[in-house]
1. Normalising by the residue count of the stretch 338-473, find the relative contact order in percent from Cα pairs under 8 Å and 6+ residues apart.
2. By a straight-distance test (C-alpha under 28 Å), which lysines pair with Lys435 as possible cross-link partners, with residues fewer than eight away in the same chain excluded?
3. Arrange the following residues from fewest to most other Cβ atoms within 10 Å of their Cβ: Tyr298, Tyr333.
4. Quick check: from the Cα gyration tensor, does the stretch 338-473 come out rounded (a/c under 1.5), prolate or oblate?
5. What percentage of all Cα-Cα pairs in the stretch 162-249 are separated by more than 15 Å?
6. If you take every residue apart from Phe284 with its C-beta less than 14 Å away from the C-beta of Phe284, what net charge results, scoring Lys and Arg +1 and Asp and Glu -1?
7. Could you work out the local net charge near Glu418, counting Lys and Arg as +1, Asp and Glu as -1, over the other residues with Cβ closer than 9 Å to its Cβ?
8. Fewest first, what order do Ile328, Ile238, Ile413 take by the number of other Cβ atoms within 10 Å?
Amino acid sequence: MGRPRPTEEPARQEQEQEQPHPERSGAAEATNEKIGLFNGKRRAQELQEELDELNRWIRDNKIDGVISAQQMQRETVDRTEQIEQLHQREVTALKSELEAAQRSLESTRGLISDEQKRLVDIRAEAEVQEFGLFDFEHPAEISVQISADLEQARTRYKSMVRSNSATTVTSGFTFNNSTSQGSRFLKNMSKLLLRAYNAEAENAVKSAKAGNLESCTKRLSKAREQVERNGQMIDLHIVEEYHRLRLSEIELANRHLQVKAREKELERERRAQLREEKKAEAEFKAKRSDLLKEQMHYQNLADAMRDRGDSEGLERALSQLHDVEHSIADVDYRAANTRAGYVYVISNVGSFGKNVVKIGMTRRLDPMDRVRELGDASVPFTFDVHALFFSSDAVGIEAMLHRTFSPERINRINLRREYFAVTPEQVLSALQDQKVEVVEYTLDAPAEQYRQSIVIRDKQSESSEDTTVRRGL
């Protein structure tokens, strides 16, 4: 069998390795044909010799080294790719860990910064608390308009406490012939007395109400005087600016409470006004229902008179029907026109004095219902009516009278309290000046219950005096 020359290129050697040698293939085929039952052993030996020769040829031509090198190269490439992929995954993971660590570091730095600021605030707060300054709940804190002024005042007087400028004391004070002990004594006494003053300032704010501003400010001023008397030995004084800031804190609380009281009163009046409107609407509805029944009654009556040929009865029925229809139209008009109603001028001498009147309007069908309600339980005597008249613009007339007597208004906070320090004559004159038609007007108030009460009281007083005289005799 032929063998490739050792000098042929590796590529050709690979091709020859991949493709069986023609001679060897032919020999193998011939061998297959000749193999029989009796010559198998000899043929096996020949094949073994042929195989050994082929292996020697591979070794001589170093083809096994080429195959091994190619396999190693492929394995090296695969291993390199695996290492690069693993390296890339490790780099990506390390980058993610680094970014997370950086974020955690920034967050930790932020927390440290916040805690440092909080620590500074706590130390500053603890410092002023030694002087009796605490962040107690202030009424004006919830007010958008006033809270900024309150915060400004608090910041200012706390700054004065921290800088030891809230009080003044004598200088050169010695204690046990020691200047340092004297300075320490001055500091402790100033802190103690200022703490007492601040406690009074806090109590004054907490006890503030809408109408007791003057008493609260006087209370704090007296506390200042008392503190300064107790500190005469060291010539201690509360600085005027510090005192003014603490007074402003009370004033802000009072201002806010006044606003709240005013809003509460106005809300109460609005609810009362709504109740009055609902009563008027209910009255209109009930009255219209009754009138519709009357209309149906007179309509049936007119039909009956017409059927009977009773002309006089028909005329009376139609007249009554016309009156009812007119009343229905009037009720509908007043229900639709919210400005229409009754204007009233009333007084209560026994409750408010001679020169006080109430000027208002009502849409009620019976305006005296409203007058009686006003005098039911809130005042000791009933109201006397000076004027009570209907107008299509009762709201406008009421507003005109309120503007005219605005300087004499008794309650300047709640404008729904419609009391004025004027006489009935003045109101009548104002109505006449505006050409308002008033059919009936009473100048003198009867005040029957009040005058009867005066008579009874005088009689009881005289009887008591007579009894005392008789006992004396």
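We did not get these values from a lab; they are worked out from the coordinates using the rules stated. What you are looking at is a predicted structure, and each value in this text was computed from that prediction instead of being measured. Counting neighbours? That spans all protein chains shown, and the Cβs are built from the backbone with ideal geometry, glycine included.
1. It comes to 29 percent, rounded to a whole number.
2. The reachable lysines, counting only those whose Cα sits under 28 Å from Lys435, are Lys354, Lys358.
3. Tyr333, Tyr298
4. Prolate, since a/c reaches 1.5 and a/b exceeds b/c.
5. The answer is 59 percent, as a whole percent.
6. -1
7. +3
8. So the ranking, lowest neighbour count to highest, is Ile413, Ile328, Ile238.
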